[in-house]
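The values are calculated or read from the model by the stated rules, or taken from the named source; none is laboratory data. All values derive from a computational prediction rather than experimental measurement. Here the Cβ positions follow ideal geometry from the backbone for every residue, glycine too, while neighbour counts run over all protein chains shown. When the accessible area is computed, the model is the full protein with side chains, heavy atoms only, and any ligands, DNA or RNA have been set aside. Shrake-Rupley method; radii C 1.70, N 1.55, O 1.52, S 1.80 Å.
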Number of protein chains: 2
Amino acid sequence: MKLEPNLCKVEDALNIIVGKWKPIILLHLLKEGTQRFSELQKHLPGITQRMLTKQLRELEDEEIITRKVYAQVPPKVEYTLSEYGQTLQPILEAMHEWGTKHNARKKKNSLSSSFE
Amino acid sequence: MKLEPNLCKVEDALNIIVGKWKPIILLHLLKEGTQRFSELQKHLPGITQRMLTKQLRELEDEEIITRKVYAQVPPKVEYTLSEYGQTLQPILEAMHEWGTKHNARKKKNSLSSSFE
DNA sequence: CTGTATCCCAGGTGATACTG
DNA sequence: CAGTATCACCTGGGATACAG
């Protein structure tokens, strides 16, 4: 298989899902389904409100997730992987699987070197 | 399928392949096989020497690619996807496929809106 | 609860020039 | 050919405070 000249443009598309938190957010939505803002935050140790909001907005702009606001007090907002977002499943699954294996490998490799 | 608690750590692993140029570089090495520095540069419109060097070093540090230097003048350096790097194939393929489809979709969507 | 508005810093990235 | 060195910029991302 030869590389298409449009490969360069693929990079563009990829930037959509390679924010610092995007893969994890998407992975959560994929696995857990619809999630509230606070639920996502709870499951993403270390992310700030600002960042979570920002990443979600970007994903929403790309029509990868959908945002449902309940007009009530206190507010309630749910995020769901859109139909189009579902098409990311192969990538997300592959990432998850590889990431898990990679961590296992790294742990094994570091058995002999325990510094600091 | 439930999310493992180690999902958070997967993020770490993902950072290895989500540099601005890394997916494209890896895609090239995967598809084209061994490539020289200059070949990679030629195929990556816009990347600077500095960046290419840096990205390659990082990938090398992660043992995803191997670097073979020929002791000769002029210098010749070849980069190849390592055996371990091959395990990224599923992700890379998935990314390439999705990226291509995404571009097609985007083009279609922008047919009706021609502003600016 | 679910955000938005500011401020701020570190690191990523580019341009250019130089070297083995 | 295949880098390294240096400078300078800019964006991503964090902390904090405030708001509907």
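Computed quantities for the displayed model
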{"read-out": "Residues that are within 8 Å of DNA strand C (Cβ to nearest atom) and either under 12 Å from the mean Cα position of the chain (by Cα) or among the aromatic types (Phe, Trp, Tyr) (or both), drawn from region A:53-80", "value": "A:Leu56, A:Tyr79"}
{"read-out": "Check on A:Leu29, away from DNA strand D (no atom under 16 Å from the Cβ), within 14 Å of chain B (Cβ to nearest Cβ), buried (at least 18 other Cβ atoms within 10 Å of the Cβ) and not small (Gly, Ala, Ser)", "value": "yes"}
{"read-out": "Selection from region A:65-78 of residues that are open to solvent by less than 40 Å² (accessible area, probe 1.4 Å) and more than 16 Å from DNA strand D (Cβ to nearest atom)", "value": "A:Ile65"}
{"read-out": "Within region A:37-109, helices (runs of 4 or more DSSP H) holding 3 or more residues that are hydrophobic (A, V, I, L, M, F, W, C)", "value": "A:49-61, A:89-109"}
